[in-house]
Ligand code: AMP
């Protein structure tokens, strides 16, 4: 038997209503905040991700699904959405339409990470991106949107972590201080960190190896190296979060796994998921549009891990399947034909109706209705049809009523909507 690829998964009908609930809640919220949906392809030229996410990151070094297509062009299954949205923004000159643009998108991402609970090789993200706003208040608004979404989904065990990664003015000083600190840790760092230590020391802060994390406890904090503008910007973020009543934690280790971030970065963490505590993450990436050959444009955004969020929401609500409201148990050819007409009409009218297409005995059809949890069963027998009636049975009370065939559509609607 052919099985799923490791790290990939099916989302089965029993789980899907939670996904739809999350996606619906998120889309409605985004629309209220002026975001427009954008859909981008799942594959891009490898260069797009290599340049934007950064050559020294785990994603680009180890995790991308990259392969030559049949003409030999190197392409990659997208590991994240921001780079593609920036590409689309530049390619379609969207900055010329409006100086401020807000987008959201929902879809699968691909990273060849070590699969475990909450970490998959195909996973889903909900992304939001804002272009053209330099004010740090928009970063706060993004955090507010995230917290509001989680709140609407009844996810309460969450904590906002924030940090600033500085700007091209002040980050070099911090890099220098961090590199000097890392020199002293040589034998305590993993091979990747020893290699990255000089090329890209901030990446060391992001290493997942426990011994590296421990060795970095006393690493210098970027917050002590911010220039005046970045400091003021970060103060504004904290004050605005306070005024919105959002409780947050300043986390000097929060550098995120992608190189393009500047200034505010944030992550929403939860205790509900065990080891994979990050439900969402994001931050400002003011240099990226220009780096990808677009106009100099401030930008900021976030990504929510939809798989993880669905797990949390699912823990709270065991997915209750919607029972069909009405099961048409039909006997005989004419009964089947009539049931088929009505069931099709009812479904079209938004009434959940089911029937058995196998022409089985009344007993086995009643069993099936029971299994589906039908609230009502309509018995449509050849004999009754000759008399011009059908029987409607309330499965909870056992009460049965006879309804004239010509009144079925109208009466059934009345009875069921009144129940
Ligand atoms: P990132 O793009 O790495 O900042 O990730 C943003 C969010 O996506 C994280 O907070 C996770 O919730 C989710 N995420 C990232 N990688 C994975 C993965 N391999 N499997 C499931 N969710 C993931």
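Does any residue of region 89-100 turn out to be within 16 Å of the ligand (Cβ to nearest atom) and on the phi < 0 side of the Ramachandran plot?
Of the residues in region 89-100, the ones within 16 Å of the ligand (Cβ to nearest atom) are none.
No: zero hits.
Within the bounds of region 113-131, is there any residue that is at pLDDT 95 or above, in a loop (DSSP other than H, G, I, E, B) and more than 9 Å from the ligand (Cβ to nearest atom)? No; the residues of region 113-131 include none that is at pLDDT 95 or above, in a loop (DSSP other than H, G, I, E, B) and more than 9 Å from the ligand (Cβ to nearest atom).
Contact annotation: residue pairs with Cβ atoms under 7 Å, 6 or more positions apart or on different chains, pairing a residue in region 255-267 that is in the same structural domain as residue 80 (by TED's automatic domain parsing) and at pLDDT 85 or above with a partner that is near the ligand (Cβ under 9 Å from one of its atoms) and assigned to a loop (DSSP other than H, G, I, E, B), are 265/256. Residue count for region 1-45 under the criterion of being touching a strand residue (DSSP E or B) at 6+ places or on another chain (Cβ under 8 Å) and free of Cβ contacts under 8 Å to residues at least 60 places away in the same chain: the result is 3. Could you tell me how many of the residues in region 217-245 are more than 13 Å from residue 174 (Cα to Cα) and touching a helix residue (DSSP H, G or I) at 6+ places or on another chain (Cβ under 6 Å)? Selection size over region 217-245: 4. Here residue 350 does not qualify as more than 16 Å from the ligand (Cβ to nearest atom), on the phi > 0 side of the Ramachandran plot and surrounded by 14 or more Cβ atoms within 10 Å (Cβ to Cβ).
Is it true that residue 154 is on the phi > 0 side of the Ramachandran plot, assigned by TED's automatic domain parsing to the domain that holds residue 311 and in contact (Cβ under 8 Å) with a residue 60 or more places away in the chain?
Working: on the phi > 0 side of the Ramachandran plot: yes; assigned by TED's automatic domain parsing to the domain that holds residue 311: yes; in contact (Cβ under 8 Å) with a residue 60 or more places away in the chain: yes.
Judged against the criteria, residue 154 is a match.
From the list 350, 359, which one is modelled with pLDDT under 90, under 24 Å from residue 14 (Cα atoms), assigned to a loop (DSSP other than H, G, I, E, B) and within 45 Å of the chain's Cα centre (by Cα)?
Values: 359 fails: under 24 Å from residue 14 (Cα atoms).
That would be 350, the only listed residue that is modelled with pLDDT under 90, under 24 Å from residue 14 (Cα atoms), assigned to a loop (DSSP other than H, G, I, E, B) and within 45 Å of the chain's Cα centre (by Cα).
Based on this model, can you work out whether residue 207 counts as closer than 29 Å to residue 136 by Cβ and in contact with a strand residue (DSSP E or B) (Cβ under 7 Å, 6 or more places away or on another chain)? It is false that residue 207 is closer than 29 Å to residue 136 by Cβ and in contact with a strand residue (DSSP E or B) (Cβ under 7 Å, 6 or more places away or on another chain).
Of the strands (runs of 3 or more DSSP E) that lie entirely inside region 211-312, those containing 2 or more residues that are buried (at least 18 other Cβ atoms within 10 Å of the Cβ) and within 16 Å of the ligand (Cβ to nearest atom) span 262-270, 278-284, 299-305.
Among the residues of region 46-77, which ones are in contact with a strand residue (DSSP E or B) (Cβ under 6 Å, 6 or more places away or on another chain) and either assigned to a loop (DSSP other than H, G, I, E, B) or under 25 Å from residue 203 (Cα atoms) (or both)? If you could, list the steps in order and put the result at the bottom.
Residues of region 46-77 that are in contact with a strand residue (DSSP E or B) (Cβ under 6 Å, 6 or more places away or on another chain), as a first pass: 46, 49, 64-66, 68-69, 74-77.
Matches in region 46-77: 46, 49, 64, 65, 66, 69, 75, 76, 77.
The values are calculated or read from the model by the stated rules, or taken from the named source; none is laboratory data. The structure displayed is predicted, hence computed values, not measured ones. Ideal geometry is used to build each Cβ from the backbone, glycine not excepted, and the neighbour counts take in all protein chains shown.
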